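Please read the structure below before turning to the comments.
The values are calculated or read from the model by the stated rules, or taken from the named source; none is laboratory data. All figures in this text were calculated on a predicted structure; none of them were measured in a lab. Neighbour counts are summed over all protein chains in view; Cβ atoms, including those assigned to glycine, are modelled from backbone coordinates with ideal geometry. Keep in mind that these areas ignore ligands, DNA and RNA; they rest on the heavy atoms of the full protein, side chains included. Shrake-Rupley method; radii C 1.70, N 1.55, O 1.52, S 1.80 Å.
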Amino acid sequence: MTQGTANKTVLVVDDDDSTRFVLSRALEGLGLAVIRADDGAEVAELAAANRFDLLIVDLYMPGMNGFEVLRRIRQPDPGFLPAPRTPATVPVLVISGESHPASIANAKARGADAYLVKPLDIENFEATVRQLLGDK
């Protein structure tokens, strides 16, 4: 466990079980606590009960997609991200199979701090997570 990741919690939101599993294992290997959700609609409830230091969100999911999650995080609706649990400034890493420049630009314009394209290179993923958590 590195000092920068000690006592930090990450929320992984992806509708694919295997992606959630692989990401969770990589994050736990960095010494992070991980909570998983399979739909963006679960973010509000989980954020009310937990303090997250990083959100990892897939773009295309049934129900509430990643674009809507980003909008609600960066322009909080009452009850979506109840401060001080998880502030609207929480870093967000978007992961998606979508590599089109317009989708990447759209996600970043909506407040994504980083964007990685699936399939993920785990070393690059881990380096991005460390950077977003301030553990360069």
Expressed per residue, the solvent accessible area of the chain in Å² (1.4 Å probe) is about 49
In nm, spacing of pseudo-spin labels at Lys108 and Ala127 (7 Å Cα→C-beta vector):
1.7
Among 112-120, 56-64, how do they line up from the highest to the lowest mean number of other beta-carbon atoms within 10 Å?
56-64, 112-120
In deg cm²/dmol and to the nearest 500, what is the mean residue ellipticity at 222 nm of the chain if only DSSP H runs of at least 4 residues count, each as -39500 (n - 2.57), divided by the residue total?
-10500 deg cm²/dmol
Only Lys, Arg, Asp and Glu count, each charged at its Cβ (+1, +1, -1, -1), so figure out the dipole size of the chain about its Cα centre, rounded to 20 debye.
520
In whole percent, the fraction of accessible protein surface over the chain that belongs to carbon or sulfur atoms, probe radius 1.4 Å, stands at 49
With the cut-off at 22 Å, report for the chain the share of all Cα pairs above it, as a whole percent.
29
Dipole-positive endmost among Met61, Leu46, Ile122 within the chain (Cβ charges, Cα centre):
Leu46
